[in-house]
Amino acid sequence: MAGRWSATVHARPFVRELDGVRVCPRCGTCFDDSFDLCSVQGEGLVASLPGVRLLSGRYRLERKLAQGAMGQVFEAVRLAPGSRVAIKVMQPQQKDVRVALKRFHKEARILGAVKHPNAVLSTDFDVDDRAGGAVPFFVIELLRGRPLDRLLGERGPLNLVEVERIIVPLCVAVDEAHAHGSSTVT
């Protein structure tokens, strides 16, 4: 991850809409579709703005995968060589921006340091400039499969052998993240 902290920005216009995302028409910041106002510009969000967001001219957002307190995760395409990735974009903050940015940066740094087969690989960190507002993001490998909550909903409780097969590798990966300074699981 060293040497990847670039602020170079090549934002492109939208060409088709993002699923489950509302967009500020003024600055282009993406929000979960439960938001009504842009916390950066104070503008009303547009539910359906035609387009796909390009980040730093290298990544094309395809659809939203998840939403958390710190950010949103999108499925995206790395334009060269065309591989699919996941991108976590920092959620615009109204309070304690420096603290939030420090935590987001720490999360990206730790993910970049963890090299474990049971942890996602982080490949890039950058900043996208949206109408003068810098929005940090980091890129991780895209995992395919069924979420555990969906599996449990379909099958019911897992037996102890199945639980062990899932939990032990997960705990080893979390231990590796803690060794690099993580105090939370994201």
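Every Cα-Cα pair of the range 60-179 was included, and the share exceeding 19 Å stands at 57 percent. Charging the Cβ of each Asp and Glu at -1 and of each Lys and Arg at +1, and nothing else, the dipole of the range 60-179 about its Cα centre rounds to 260 debye.
Counting neighbouring Cβ atoms within 10 Å and putting the fewest first, the residues 87, 166 line up as 166, 87. Of 142, 55, the sequence from fewest to most neighbouring Cβ atoms within 10 angstrom is 142, 55.
Where a number appears in this text, it was derived from the coordinates with a stated rule and is not lab data. Keep in mind it's a predicted model, so treat the numbers as computed, not measured. Glycine gets a Cβ as well: all are built from the backbone with ideal geometry, and neighbour counts include every protein chain shown.
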